[in-house]
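Could you have a look at this structure, given as structure tokens, before my questions?
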Amino acid sequence: MQAVCKNNVNILFSAVMTSNYGTKNVRRFSYNDKEFDSMHGLNFYDYGARFYDAAIMRWYVVDGKSEKYVWTSPYNYAMNNPLKFIDPDGKEVIAATSAAQQMILNTLPHEIWGYVVFNENGQLDASVLNTAISTSGNVAALSQLANDSRTYEANIDNKFTYKDENGKIDDRHMNPVTIITDMPEGVFGYNTNEFGFMGVCQTPGDSAEKYNSVDDNIRITINSSLSEAGMAQTFSEEAYGHAFLYSKGFAHTHIFDGMKDINQVLVNAVIDAIEETIKNMQAQAQSLMDEIFRNMLNNLGSTGE
């Protein structure tokens, strides 16, 4: 399981700036903690699968999995966007952000947070999560995704890239959501009064009726204009509803008969996931208020002494 990335870096592509002192003082392990090889003046970074030339911001050889990313050059680094993506070994792009990770945590009971461990590349450690003992449906769904052999990405953005039924690659923008104060509670139980294109779960394929993933990864993108609660609830639908059922091999899309969604398995999964997320976030808020109150009492006691 991976979560999306928008981390800032000082020198995006880590080009080495030469001087009268040459490069002898450059740290051996620097950009992305990869070994810097200055032998014969080549100045490459060793990523294991490939060598990266920071001077021209390109790999020295083609991507071994370039067939998965046919819309971009097999030589460019991190899809030519290191502000958003990283490439830990030269094989596949893995992206991570603390905001996306927090969004996932917000869907879970607070006592489980210690079992949800992301590495520096945003990958969720399934082996740690598997040791958690919980009756939470959201934890079970997240564990299902984390233990799947496929890659699931969690993104927070205002757009996503998709493939249509003819194989054409394009971007789809999600406008800022609208707040409707008198909006009745929807069928899935959202309670933030936010309305609009809130998120998407992209799966591989060439269907004309959905936004297909551009490769074999399952991509979950949540509208960045949503509130923190709105993001968590939308992620619950897209990840613990659509993605979860996809991973189990069940029908994972909405199936409408008129205005009614007749995919009752999906409807039930989404309702349960969102309901739990709301309860978990309410419990987190109450716990925080209790902690603040305890600190106030402790401060008053200290002052009284």
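Any residue at all in segment 83-105 that's within 25 Å of SER224 (Cα to Cα), modelled with pLDDT of 60 or more, part of a helix (DSSP H, G or I) and more than 18 Å from the chain's Cα centre (by Cα)? Don't jump to the end; show me each part of the working.
Of segment 83-105, the ones within 25 Å of SER224 (Cα to Cα) are 83-87, 92-105.
After this cut, where a residue has to be modelled with pLDDT of 60 or more as well, the list is 97-105.
Adding the requirement that they be part of a helix (DSSP H, G or I) leaves 98-105.
Imposing the further condition that a residue be more than 18 Å from the chain's Cα centre (by Cα) reduces the set to none.
No, there is no match, as no residue in segment 83-105 is within 25 Å of SER224 (Cα to Cα), modelled with pLDDT of 60 or more, part of a helix (DSSP H, G or I) and more than 18 Å from the chain's Cα centre (by Cα).
Sticking with this one: Within segment 142-152, is even one residue buried (at least 17 other Cβ atoms within 10 Å of the Cβ), at pLDDT below 90 and aromatic (Phe, Trp, Tyr)?
no
Identify the single condition in (1) over 22 Å from LYS163 (Cβ atoms); (2) assigned to a loop (DSSP other than H, G, I, E, B) that LEU266 does not satisfy, given that it satisfies every other one.
All conditions pass for LEU266, except number (2).
Now for a separate question. Name the residue that is surrounded by the most Cβ atoms within 10 Å (Cβ to Cβ), counting only residues in segment 245-280 that are free of Cβ contacts under 8 Å to residues at least 60 places away in the same chain and hydroxyl-bearing (Ser, Thr, Tyr).
Ranking the qualifying residues of segment 245-280, first place goes to TYR246.
Still on this structure, please answer the following. Taking the criterion of being in the same structural domain as ASN155 (by TED's automatic domain parsing), aromatic (Phe, Trp, Tyr) and at pLDDT 95 or above, would at least one residue in segment 229-239 satisfy it? So that I can check it myself, show each step before the final result.
The first filter runs over segment 229-239 and keeps only residues in the same structural domain as ASN155 (by TED's automatic domain parsing), leaving 229-239.
So of that shortlist, the ones also aromatic (Phe, Trp, Tyr) come out as 235.
Retained after the next criterion (residues that are at pLDDT 95 or above): 235.
Checking segment 229-239: at least one residue is in the same structural domain as ASN155 (by TED's automatic domain parsing), aromatic (Phe, Trp, Tyr) and at pLDDT 95 or above.
Follow-up. For segment 125-136, state whether one or more residues are in contact (Cβ under 8 Å) with a residue 24 or more places away in the chain and closer than 23 Å to ALA285 by Cα.
Our first condition is that a residue be in contact (Cβ under 8 Å) with a residue 24 or more places away in the chain; within segment 125-136, this holds for 126, 134, 136.
With closer than 23 Å to ALA285 by Cα added as a condition, the list becomes 134, 136.
Yes, segment 125-136 contains a residue that is in contact (Cβ under 8 Å) with a residue 24 or more places away in the chain and closer than 23 Å to ALA285 by Cα.
Of all residues in segment 106-123, which are at pLDDT 90 or above and farther than 25 Å from GLU237 by Cβ?
Within segment 106-123, GLY114 is the sole residue that qualifies.
Tally time: how many residues in segment 177-190 are surrounded by 15 or more Cβ atoms within 10 Å (Cβ to Cβ) and either among the hydrophobic types (A, V, I, L, M, F, W, C) or modelled with pLDDT of 85 or more (or both)?
Going through segment 177-190, the residues surrounded by 15 or more Cβ atoms within 10 Å (Cβ to Cβ) turn out to be 177, 188-190.
Remaining after also requiring either among the hydrophobic types (A, V, I, L, M, F, W, C) or modelled with pLDDT of 85 or more (or both): 177, 188, 190.
Adding up the residues that qualify gives 3.
Here's something else I'd like to know. May I ask you to verify whether ILE156 is under 25 Å from ILE262 (Cα atoms), touching a residue at least 24 places away in the same chain (Cβ under 8 Å) and either in contact with a helix residue (DSSP H, G or I) (Cβ under 6 Å, 6 or more places away or on another chain) or outside the structural domain of LEU108 (by TED's automatic domain parsing) (or both)? It would help to see each step written out before you state the result.
Values: under 25 Å from ILE262 (Cα atoms): no; touching a residue at least 24 places away in the same chain (Cβ under 8 Å): yes; either in contact with a helix residue (DSSP H, G or I) (Cβ under 6 Å, 6 or more places away or on another chain) or outside the structural domain of LEU108 (by TED's automatic domain parsing) (or both): yes.
The answer is no for ILE156.
With the requirement that a residue be out of contact with any Ser or Thr (no Cβ under 8 Å at 6 or more places or on another chain) and of a type in the set (Phe, Trp, Tyr), what does segment 194-225 give you?
Residues satisfying the conditions are PHE197, TYR211.
The values are calculated or read from the model by the stated rules, or taken from the named source; none is laboratory data. Everything numeric in this text was worked out from a predicted model, so none of it was measured. Cβ atoms come from the backbone with ideal geometry, glycine included; neighbour counts cover every protein chain shown.
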